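Take a look at the structure set out below.
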Amino acid sequence: MRLTVGQLQAEVAGALIRAGASAGMAEATARALVLAEAQGLGSHGLSRVTQYATHLKNGRADGRAQAEVVARKGGAVLVDAKAGLAFPACELALREAIAAAREHGVAFAGVANSHHAGVIVDHLRLVAAAGMVGLGFANSPAAMPAAGGKHPIFGTNPVAAAFPRRLGDPLLIDLSLSEVARGKVMVAAKKGEPIPAGWALDKHGHPTTDAKAALEGSMLPIGALSSPKGAMLALVVELLVTALIGANFGFEASSFFVDEGNRPGIGQAFIVVDPGALAGRERYLERVETLVVEMLKDEGVRLPGARREALRRQAEAEGIEVGDALLAQWRT
């Protein structure tokens, strides 16, 4: 069945409300999941609805949580997600950070006691819409070893950035620090398909192409076969989103891919910069466009976020196809 974006958001929100989420939490989460699906990011889209609903029902997430600001000093803001789904807390943190950056030029907003935060760069759309530069970081349940190690310690720990432009879409950059996003391995496991060599290790620390074995083992950091750089970046993100804001480390959180387990209590962190506080907004916009023009001189270059934005617009115009069985599952 093909549904409009609005209809699909209502279906997802309804499923989450029936699982125990408040209306506000359900609506914020539905917007995020449908946006991910619209961009072709199925591993962070509709495939997460049942997972989130199960976590709400099993108490791994508190559907009645009300995120709140618990610390503030200058441009630093800390939000407690209160063990709820992450999206309302991240939205609160970013609105606070944008306001703080307007006053101080730069702001750091942390979200502690949180849950899975979806596509990190999508949170930064608020920042780009405000004409500011945004950076985003998150950790997740342990999935990658430290450099030279075999057992999972770090999450796949995404890094994201949004740079507004004068006229065009913002540059939207989002990458996992694992060789590939773990959600892709989850999709392969559900389909019974193998994964490429170099993506993951099994639970014994051996390379594997078996997606199910990979989910029981660990993901490999970017470039792990030739360099420890990916693991070092994962360490940086892990510390940014835990030590500074008091969130759990990835190895302290139960996997998102199991129904039972603890409340993950992981963290997200966002940095917001007002270009007007530095070289000035006009100089910033001119410099960005100069770089874009230079990049596009090569025929094969695609600006980061361009494909996602094209798919999003197509979905908004044509709707999104959803299986009848999935809809029936959500409605029970």
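Kindly indicate which of Glu216, Glu238 is over 30 Å from Val77 (Cβ atoms) and either in contact (Cβ under 8 Å) with a residue 12 or more places away in the chain or not β-branched (Val, Ile, Thr) (or both).
Of the residues listed, the single one that is over 30 Å from Val77 (Cβ atoms) and either in contact (Cβ under 8 Å) with a residue 12 or more places away in the chain or not β-branched (Val, Ile, Thr) (or both) is Glu216.
Give the range 88-111 a look and list any residue that's open to solvent by 10 Å² or more (accessible area, probe 1.4 Å) and within 16 Å of Gly24 (Cβ to Cβ), or say none.
Pro88, Glu91, Leu92, Arg95
Any residue in the range 187-198 that's farther than 15 Å from His44 by Cα: show its pairings with residues that are assigned to a loop (DSSP other than H, G, I, E, B) and open to solvent by 60 Å² or more (accessible area, probe 1.4 Å) at Cβ separation under 8 Å, as long as the two are six or more apart or on different chains.
As it stands, the answer is Pro194/Thr209; Pro194/Asp210; Ile195/Thr209; Ile195/Asp210; Pro196/Thr209; Ala197/Thr209; Gly198/Glu179; Gly198/Leu225, since those pairs meet every condition given.
Return yes or no: is Ala76 in contact with a Phe, Trp or Tyr (Cβ under 9 Å, 6 or more places away or on another chain) and open to solvent by 30 Å² or more (accessible area, probe 1.4 Å)?
Spelling it out, Ala76 is indeed in contact with a Phe, Trp or Tyr (Cβ under 9 Å, 6 or more places away or on another chain) and open to solvent by 30 Å² or more (accessible area, probe 1.4 Å).
Answer yes if at least one residue in the range 112-130 is open to solvent by 50 Å² or more (accessible area, probe 1.4 Å), part of a loop (DSSP other than H, G, I, E, B) and out of contact with any strand residue (DSSP E or B) (no Cβ under 6 Å at 6 or more places or on another chain), and no otherwise.
So far as the range 112-130 goes, no, none of its residues is open to solvent by 50 Å² or more (accessible area, probe 1.4 Å), part of a loop (DSSP other than H, G, I, E, B) and out of contact with any strand residue (DSSP E or B) (no Cβ under 6 Å at 6 or more places or on another chain).
Among residues belonging to the range 224-235 that are in contact (Cβ under 8 Å) with a residue 40 or more places away in the chain and assigned to a loop (DSSP other than H, G, I, E, B), point out the one that is most open to solvent (accessible area, probe 1.4 Å).
The qualifying residue most open to solvent (accessible area, probe 1.4 Å) is Pro228.
Find all pairs meeting these conditions: Cβ atoms under 6 angstrom apart; at least six residues apart or on different chains; first residue within the range 299-311 and on the phi > 0 side of the Ramachandran plot; second residue hydroxyl-bearing (Ser, Thr, Tyr) and open to solvent by 50 Å² or more (accessible area, probe 1.4 Å).
none
What number of residues within the range 50-94 are under 20 Å from the mean Cα position of the chain (by Cα) and basic (Lys, Arg)?
Adding up the residues that qualify gives 2.
Can you tell which of Glu294, Glu299, Glu309, Glu289 is open to solvent by 60 Å² or more (accessible area, probe 1.4 Å), assigned to a helix (DSSP H, G or I) and more than 23 Å from Thr54 (Cα to Cα)?
Checking each option against the conditions leaves just Glu294.
Within the range 191-214, does at least one residue satisfy the condition of being farther than 28 Å from Leu303 by Cβ, open to solvent by 10 Å² or more (accessible area, probe 1.4 Å), of a type in the set (Lys, Arg) and not in a loop (DSSP other than H, G, I, E, B)?
Among the residues of the range 191-214, at least one is farther than 28 Å from Leu303 by Cβ, open to solvent by 10 Å² or more (accessible area, probe 1.4 Å), of a type in the set (Lys, Arg) and not in a loop (DSSP other than H, G, I, E, B), which makes the answer yes.
Can you tell which of Lys82, Lys73 is under 22 Å from Ala23 (Cβ atoms) and at pLDDT 95 or above?
Going through Lys82, Lys73 in turn, the sole match is Lys82.
Restricting attention to the range 58-69, does a residue exist that is open to solvent by less than 40 Å² (accessible area, probe 1.4 Å), at negative phi and in a helix (DSSP H, G or I)?
Within the range 58-69 (the criterion being open to solvent by less than 40 Å² (accessible area, probe 1.4 Å), at negative phi and in a helix (DSSP H, G or I)), the answer is no, since none of the residues qualifies.
Out of all the residues in the range 6-25, is one or more of a type in the set (Ser, Thr, Tyr) and crowded, with 23+ Cβ neighbours inside 10 Å?
No, the range 6-25 has no match at all.
Exactly one condition in (1) in contact (Cβ under 8 Å) with a residue 24 or more places away in the chain; (2) farther than 30 Å from Glu309 by Cα; (3) of a type outside the set (A, V, I, L, M, F, W, C) is false for Gly155; which is it?
Only one criterion in (1) in contact (Cβ under 8 Å) with a residue 24 or more places away in the chain; (2) farther than 30 Å from Glu309 by Cα; (3) of a type outside the set (A, V, I, L, M, F, W, C) is unmet by Gly155, namely (2).
Consider the range 242-259. How many of its residues are touching a strand residue (DSSP E or B) at 6+ places or on another chain (Cβ under 7 Å) and either in a loop (DSSP other than H, G, I, E, B) or surrounded by fewer than 16 Cβ atoms within 10 Å (Cβ to Cβ) (or both)?
Total meeting the criteria: 7.
The values are calculated or read from the model by the stated rules, or taken from the named source; none is laboratory data. What you see is a predicted model; the values in this text were computed from it and never measured. Here the Cβ is made from the backbone with ideal geometry for all residues, glycine too, and neighbour counts use every protein chain on show. Surface areas here come from the heavy atoms of the whole protein model, side chains and all, with no ligands, DNA or RNA. Shrake-Rupley method; radii C 1.70, N 1.55, O 1.52, S 1.80 Å.
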